[in-house]
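Rule-based calculations on the coordinates, nothing more; no lab input. It should be emphasised that the depicted structure is a prediction, and the values quoted were computed from it without experimental measurement. Ideal geometry is used to build each Cβ from the backbone, glycine not excepted, and the neighbour counts take in all protein chains shown.
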Amino acid sequence: MLKLIAILLDGLSYSAWLFLVAVGLTLIYGVMRILNIAHGAFYAIGAYACATALGLYYGAGWSGAGAFLVMGLTAIVTGIVVGLAIERGVLRRLYGRDEVLMVLVTYALFLILEDATKMIWGVESYFVYQPYAYFGFIDVGGLPYQVYDLLVVAVAIATGLALWLWLTRARMGRLMIAVVADREISAAMGINVPRIFAITFAIGTVLAALAGVVTAPKIAVAPGIGVEVIILAFAVVVIGGLGSIPGAALGAVIAGFARAVSVHLAPEFELFAIYAVMAIVLAIRPYGLFAAQGERKI
């Protein structure tokens, strides 16, 4: 029974983390049709920015729940600044080009940003464990479990609900959906498509930075953390279907529980589990579980 509880808790927390990692990637692709390889670098920048901000916060002698406000503000500010700088400085000049070219450009940005993080923060590891330890443990069916991991689940759920409300209730969200449906007609109807793209990319970057921020207290923030993350994010969005937020949520749940089952029952297959699930899904549905219908214009 304890092993079952452990699988459920670990699967839930890892699924939530995977969703946070992947949702910004799938949002940008869904609206802009950009397969953003630089997403992993945005995650890493968010983690480093969080480590720096919390280091200053705790160095000033402050403590307590205010650290979580600092983490949230760090994700928002970092994501908006980096996202708008990349979108306006680089990507805006390339809209309408072949998708393969955009992949190469974002891959180049990933490499540049990886080196930039080393130049700014160096190659040493950063540790900011205080928020992770702040709430302590709770007992779940006789198994002690870190409350911070449950907080990550709550953040993932809140993020998913906020995106759904934004896309279905907010005017700007509905304009995004119109651009997804037909970019040319949207522009002809007076929608400022470049503005929609800038907002979308900024939101996607904020979400990537948020994933890095919530992860920073759990790991050693060190060079290379963005590489593994971008691979996992692609696995999740491929399982769910590129461009689908519900698909990203379902893909994260499937991948998260596959990994949890493997860790507890067959640890030797842990690294293989997520990619095995991806291969099975693609063998059955080559475009993912929630793949959008292909465009057909007359």
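Taken along the Cα-to-beta-carbon direction at a fixed 7 Å, the label points for Gln130 and Ala181 span 5.0 nm.
The angle between the Cα long axis of helix 66-89 and the longest principal axis of the Cα atoms of the chain comes to about 30 degrees, rounded to the nearest 10. Could you tell me the center-to-center distance, by alpha carbons, between the stretch 67-121 and the stretch 136-192 in angstrom? If you average the Cα positions of each part, the centres end up 20 Å apart. Fully extending the segment from Leu56 to Trp164, taken as 0.36 nm per residue of separation minus the present Cα-Cα distance, adds 35.4 nm. Were the residues from Ile231 through Glu270 laid out at 0.36 nm apart, the gain over their Cα-Cα distance would be 12.6 nm.
Ala44 sits among other residues whose Cβ lies under 13 Å from its own Cβ, and their net charge, with Lys and Arg +1 and Asp and Glu -1, is -2. Take the Cβ atoms of Asp115 and Leu282, set R0 to 30 Å, and the FRET efficiency comes out at 0.35.
Per the Debye calculation on the chain with a single equal scatterer at every Cα and no solvent contribution, log₁₀ I(q)/I(0) for q = 0.11, 0.13, 0.14 Å⁻¹ amounts to -0.67, -0.93, -1.08.
If you run the Gaussian network model on the chain, springs between alpha carbon atoms under 10 Å, then out of Val31, Val77, Val21 the most flexible one is Val77.
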